[in-house]
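A quick write-up on the structure given underneath.
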Amino acid sequence: MNKNIIISFIFLLIVANNVYSQKEEIKKTDKKDIVYVLDIKEQIGPAIWRKTKQAFSEANKIHAKCILLHMNTYGGLVDAADSLRTAILNSPIPVYVFIDNNAASAGALIAIACDSIYMRSGANIGAATVVNQKGEAVPDKYQSYMRSTMRSTAEAHGKQTIIKGKDTTYVWYRDPKIAEAMVDPRKKIVGIIDSGEVLTFTTSEAIKYNYCEGKAETIEEVIEIIGIKNYEIKKYNPSSLEKIIGILVNPYLQSVLIMILVGGIYFELQTPGVGFPLAASVIAAVIYFAPLYLEGVAEYWEIALFVLGLILLAIEIFAISGFGIAGVSGIILMVAGLAFSMVGKIDFSFSNGVAFSLEPLFKSIVIVVISMFTSVLASIFFGKEILSSHAFSFVSLNKSQTINDGYLGVKTIDKEIIGKEGIAITILRPSGKIEIDDEIYDAKAVVSYIERGTKVKVVDYKSGQLYVVIL
């Protein structure tokens, strides 16, 4: 009896184990592989590099089966493209690329780094010559580096062994000479390209010469060719912060921020104490530099240039008589800091020519100077109206102050003082103190600046304020 019970118990355990195993197999079958898709449909630069880092990190966290780059780009910055290709080559997850029309210049370098390349009909890959902002080829020093980078990227995919009878040959999966010919028009490859032309492949040509694993028209077709059957597509979606940064780096908004920054400094110098104008200027500076720094465009030294310029300008205004080297240097450094922050990474190697075009730097300087000049003019002409408006009623001085409210009247200056001469005993920027007939008065310069010790003449008196000019 006991023997039958034991046999029955063992049988039930075997049946239960089989049922459990079948359920686990069903679960494994139902589990979908994640295909992580990242769009590269913009100029290659710091922004796309930052997105790529975030995308690769997320793909690793969710254990994606593969990463698929959906590419359509005419290229961009070499340093950003090099960072992308390094991340692809070092990725523990297979990285494939679907070229949806264009993989030119820096895009070609990124595509070649991927484990497999798929192209739609009518697509192109190649034309990786390094050019400046005008589309002109830069000196050979930089072409040489790009040629080497393209070759090493192709070589990173290794060789395949071909055995025919007793003969063994090794053939590159991606021919490095072809990659080099995409940069150097002097490179000649028999049967592929003649000297004098930069190599660009169509889809069929890329397939023929092993620079494309297959033709596809959609992402789904690519996934089918790869061999993933049960899958789920996960797309990279930029965060709210990424979207905000994208808005803040707009050149038009940057111009407005510069105007607020400079206008705030100007108004702060015209009013006593520390208040709203300075706060607005600081906030504008933070909003200007923060997104550029996060995007990798602005660097520490560029922000430091601006801060140093601001310090020199403050020293000139509050500590040094006159307006000289410190003030001029401060303005120059502020302009340089704002301008350099707009144009991204700069290589100061000048042998055999410059490493970058001066055109974008010149454009950024023009934007900064015009914005600052416009801000100062607007502050001068509309400052009084702005401060006296209802929006700035908290700084308005137009309110009545009566005895019933606790205010006391004091003797005002006799208007006969108009026309008298005196001497400035402090610097007038534009406000300061003057001495007339051994009496000290608060005065304001009609011009923006009067040096200490200068002879002055009172030309107006209104609202309890003397106005003077230089004799």
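Below is a table of values for the structure above.
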| read-out | value |
| --- | --- |
| Output for segment 153-205, where each listed residue is of a type in the set (A, V, I, L, M, F, W, C) and not in a strand (DSSP E or B) | 154, 156, 178, 179, 181, 182, 183, 190, 192, 198, 199 |
| Among the residues listed as 258, 223, 287, 245, the single one being in a helix (DSSP H, G or I), in the same structural domain as residue 94 (by TED's automatic domain parsing), in contact with a Leu (Cβ under 8 Å, 6 or more places away or on another chain) and of a type in the set (A, V, I, L, M, F, W, C) | 223 |
| Residue pairs meeting the criteria (Cβ under 6 Å; at least 6 apart or on separate chains; first under 21 Å from residue 206 (Cβ atoms), in segment 161-175; second of a type in the set (Ser, Thr, Tyr) and in a strand (DSSP E or B)) | 162/169 |
| Tally of residues being among the hydrophobic types (A, V, I, L, M, F, W, C) and at pLDDT below 85 across segment 419-442 | 2 |
| Strands (runs of 3 or more DSSP E) enclosed by segment 92-131 - at least 3 residues per element that are closer than 15 Å to residue 217 by Cα and out of contact with any Asp or Glu (no Cβ under 9 Å at 6 or more places or on another chain) | 95-104 |
| Restricting segment 155-214 to residues that are of a type in the set (Gly, Ala, Ser) and within 18 Å of residue 140 (Cα to Cα), the residue that is surrounded by the fewest Cβ atoms within 10 Å (Cβ to Cβ) | 196 |
| Failed criterion for residue 143 (all others in (1) under 18 Å from residue 201 (Cβ atoms); (2) in a helix (DSSP H, G or I); (3) of a type in the set (S, T, N, Q) hold) | (1) |
| Output for segment 435-465, where each listed residue is in contact with a helix residue (DSSP H, G or I) (Cβ under 8 Å, 6 or more places away or on another chain), under 12 Å from residue 421 (Cβ atoms) and either in contact (Cβ under 8 Å) with a residue 24 or more places away in the chain or in a loop (DSSP other than H, G, I, E, B) (or both) | 458 |
| Condition met for residue 167 (among the acidic types (Asp, Glu), modelled with pLDDT under 85 and more than 26 Å from residue 49 (Cβ to Cβ)) | yes |
| Test: residue in segment 62-85 that is within 24 Å of the chain's Cα centre (by Cα), part of a strand (DSSP E or B) and surrounded by fewer than 22 Cβ atoms within 10 Å (Cβ to Cβ) | yes |
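The values are calculated or read from the model by the stated rules, or taken from the named source; none is laboratory data. None of the values given here were measured: they were computed from a predicted structure. Glycine gets a Cβ as well: all are built from the backbone with ideal geometry, and neighbour counts include every protein chain shown.
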